[in-house]
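Notes to accompany the following structure.
Values quoted throughout were computed directly from the atomic coordinates according to the rules given, and no laboratory measurement underlies them. It should be emphasised that the depicted structure is a prediction, and the values quoted were computed from it without experimental measurement. Cβ atoms come from the backbone with ideal geometry, glycine included; neighbour counts cover every protein chain shown.
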Amino acid sequence: MTIPARTDYDVVIVGGGVIGLFTAFHLSKQMDPRRILVLDRGFATGGASGRNGGGVRQQWETRATIRLARESVQIYRHFARDFGYNPWFRQGGYLFLAFSEGETRILHNMERGVQSEGLPIRYLRPDQIATVVPDLDSRSVVGATYLPTDGVILPFPVIWGLLNALRERGVEVAYRTSVDGILVNDGKVQGVVTGKGPVRAGRVVNAAGGWSREISAMAGLAPLTRPTLHEILATEPLTPFLDPMVVTLSRGTYFSQTMRGEVVGGLTMDHSASSRTGMYSSREFLVEMSREFCRLVPRLADVRILRSWSGFYDDSPDGLPILGEDPKLAGFFQANGFGGHGFMLAPSSTRQVARMVLGEKADIDPAMVSPSRFSGSSGNRSVEGLSLG
Ligand SMILES: Cc1cc2nc3c(=O)[nH]c(=O)nc-3n(C[C@H](O)[C@H](O)[C@H](O)COP(=O)(O)OP(=O)(O)OC[C@H]3O[C@@H](n4cnc5c(N)ncnc54)[C@H](O)[C@@H]3O)c2cc1C
């Protein structure tokens, strides 16, 4: 069968990463799956969904994000059973480190919010940290939070499981098919222009990750998000020594150990002054990350780095994702702005997107995530301060 098989659908989703595929999956449970088309100009896992660190955490500042993450953890816990692909979701926890009194206040504040949502988070004094990560040099650490039900997942089987489920249900997923334009008439979406011709649809979902601003621009909308390059690396495999994902508030450094023994991690670098474009890896990152490894876990000093790679975060202005119908264009739905956290928030936030696409009321406060929150003068908007790492 040629895909797309038809020239009209009810819903077209732009982007076949974890956000687009999970949105299609939730939709397919409530409408005719054959009326859904997912378009992607690349290949499965070519975007950030195949390039991330697989961290899944529920330690957040805003209630909305904690709830989305908590629901996602439940979905990932049962993913292998429900989708027939095992993403090796390992709940070894997340350890957030504070290096100053100011940072401990941030952690205490977050701890209260997370605890009030029923999650078993603990505050650790420096002398208690060794019980969680014995190899960590905690001499300059002032405090930490630890949530043992956070974890790490392998992204690829999630994408394969979703693709398999969608194909079994009859949803069309067309890779190597670009979206080059959005058809609009009288303030309403009419479909998309693809590299293979026009496709009509009354509802279009912008799930293009780091390229979502380009899709918004095609629809004549001012872009809300901004792509930022993020680098990551993996060491040679080591005997298991690290249970949780370790994160620092100051640098956004994060690292965990995979089931194969590699230590995988990254940190926040400012690439804005670089003349390089596209996805690249820099020597500066290798140096900075090596320094962080040596500072935090001295025994990593002699370990070899095997590979590094990069991808785009899709950053929103307030650290919260952008979900829902765009107020300026009927039928055009945003599902983007996930920054470095789209994989962990995908299962639950796309359930919200699917509800909105189907005209149902979302069960998340729309003021937190709606695209309309950036228009007008909503001076006391929430900001997710823990959108780091
Ligand atoms: C290095 C790195 C580490 C990360 N670590 C984590 C982590 O530990 N935990 C976590 O939760 N998240 C992490 N993230 C973020 C996470 O990977 C993303 O938020 C998530 O994968 C976004 O999924 P997506 O489907 O929106 O985007 P993508 O997976 O990027 O998919 C977007 C798709 O849109 C397609 N597209 C773009 N333009 C067009 C067009 N014109 N026509 C058709 N198709 C188009 C692209 O080909 C792409 O496949 C990390 C990201 C990076 C880069």
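Quick notes on this structure:
- Rh (Kirkwood; distinct C-alpha pairs) - segment 71-131, Å: 14.0
- Along segment 190-195 the Karplus relation, 6.51 cos²θ - 1.76 cosθ + 1.60 evaluated at θ = phi - 60°, assigns HN-Hα couplings of 10, x, 9, 9, 10, x Hz to successive residues, with x for each Gly and Pro.
- Between the helical axis of 101-116 and the longest alpha-carbon principal axis of the chain there is an angle of about 60 degrees.
- Coupling constants for segment 321-331 follow from the phi torsions by the Karplus curve (6.51 cos²θ - 1.76 cosθ + 1.60, θ = phi - 60°), and in residue order they are x, 10, 10, x, 5, 6, x, 9, 8, 5, x Hz; glycine and proline get x.
- Global geometry of segment 2-110, whether rounded, prolate or oblate, following the gyration tensor of its Cα atoms and the 1.5 cut on a/c: prolate
- Zone of Arg283's modelled label, taken as backbone nitrogen in segment 301-324 under 18 Å from a point 7 Å along Cα→Cβ: 305-309
- Taking 0.36 nm per residue of separation and subtracting the Cα-Cα distance, full extension of the segment from Ser250 to Arg200 would add 13.2 nm.
- Note on Leu358 and Arg139: the extension gain reaches 73.5 nm, defined as 0.36 nm multiplied by sequence separation minus the Cα-Cα distance.
- Rounded Å value of the spacing that divides the Cα centres of segment 311-337 and segment 242-260: 28
- A P(r) calculated from all alpha carbon pairs of segment 280-321, with 10 Å bins opening at zero, reads 23, 37, 28, 12 percent.
- Sorting the segments 269-279, 148-158 by their residues' average number of neighbouring beta-carbon atoms within 10 angstrom, most packed first, yields 148-158, 269-279.
- 20 °C / 1.002 mPa s Stokes-Einstein diffusion coefficient of segment 127-286, Kirkwood radius on C-alpha pairs, µm²/s: 107
- Placing +1 on the Cβ of every Lys and Arg and -1 on the Cβ of every Asp and Glu, with no other charges, gives segment 144-246 a dipole of roughly 600 debye about its Cα centre.
- Simple spin-label estimate for Arg291 and Ala217 gives 3.4 nm between the two label positions (7 Å along the Cα-to-Cβ direction from each Cα).
- Whole-Å semi-axes of the ellipsoid equivalent to segment 73-179 (Cα gyration tensor, √5λ, descending): 38, 15, 14
- Equivalent-ellipsoid semi-axes of the chain, from the Cα gyration tensor, Å, largest first: 36, 22, 20
- The Cβ shell under 12 Å around Ser281 holds other residues with a net charge of +2, Lys and Arg each +1, Asp and Glu each -1.
- Taking 0.36 nm per residue of separation and subtracting the Cα-Cα distance, full extension of the segment from Lys328 to Leu238 would add 27.2 nm.
- Legend: P(r) of segment 59-99 from all alpha carbon pair distances, 10 Å bins from 0, whole percents, reading 25, 43, 26, 6, 0.
- Cross-link partners of Lys361 among lysines (Cα-Cα below 30 Å; sequence separation of 8 or more within a chain): Lys29, Lys188, Lys328
- Lys, Arg +1 and Asp, Glu -1 on Cβ, resulting dipole of segment 17-168 about Cα centre, debye, nearest 20: 440
- Tilt relative to the chain, helix 63-77 - C-alpha long axis, 0 to 90 degrees, to 10: 90
- Cα-based Rg and Dmax for segment 138-215, where Dmax is the largest Cα-Cα distance (Å): 20.2, 63
- Helix-only CD estimate at 222 nm, as mean residue ellipticity for the chain, using -39500 (n - 2.57) per DSSP H run (n ≥ 4): -8500 deg cm²/dmol
- Cut-off 15 Å (backbone N to label point 7 Å along Cα→Cβ of Glu168), residues of segment 26-56: 26, 28-29
- Rough spin-label spacing in nm, given labels placed 7 Å along Cα→Cβ, for Asp186 and His271: 4.4
- Calculated diffusion of segment 251-389, Stokes-Einstein form, Kirkwood radius summed over Cα pairs, 37 °C and 0.692 mPa s, µm²/s: 185
- Dipole magnitude (debye, nearest 20) for segment 303-389, charges at Cβ of Lys, Arg, Asp, Glu: 260
- In this structure the amide hydrogen of Asp8, modeled in the peptide plane, comes within under 5 Å of the amide hydrogens of Arg200, none closer than 5 places in sequence on its chain.
- Sites Arg63 and Arg226, calculated FRET efficiency, Cβ-Cβ separation with R0 22 Å, nearest 0.05: 0.30
- Under the combined filter of DSSP loop state and at most 10 neighbouring Cβ atoms within 10 Å, segment 320-361 retains none of its chymotrypsin sites (Phe, Trp or Tyr not before Pro).
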